[in-house]
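The values are calculated or read from the model by the stated rules, or taken from the named source; none is laboratory data. Just so you know, these numbers come straight off a predicted model, no measurement behind them. Here the Cβ positions follow ideal geometry from the backbone for every residue, glycine too, while neighbour counts run over all protein chains shown.
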Amino acid sequence: MATEQELQSLFDTLDGDKDGKVSINELFLSPGLSAIISSETGISSPQELLSRYATGEDGSITFEELKQAVKKADNLT
Ligand SMILES: [Ca+2]
């Protein structure tokens, strides 16, 4: 379980280039944080997470999209 604030801080840390989106490369660069995302969303692979929830053309996930994924797994407190 995570609060929105914890999720935001996790997202900001993952977003290494600070463009407001987390790309597949950023997920791969931080395996420890990706593992937390996996447990909060119940989706084990970064590829699957992005293909299910990222709606932008560049395939990166926004904070709102990540929040939806965590909410859907019932892990947002
Ligand atoms: Ca980024």
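Numerical summary
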| item | result |
| --- | --- |
| Pairs, first closer than 13 Å to Lys67 by Cβ and near the ligand (Cβ under 7 Å from one of its atoms) in segment 2-30, second of a type in the set (D, E, K, R) and at pLDDT 95 or above, C-beta under 6 Å, six or more apart | Val22/Asp15 |
| Scope segment 31-45; condition within 18 Å of Gln68 (Cβ to Cβ) and part of a helix (DSSP H, G or I); matching residues | Ser34, Ile36, Ile37, Ser38, Ser39, Glu40, Thr41 |
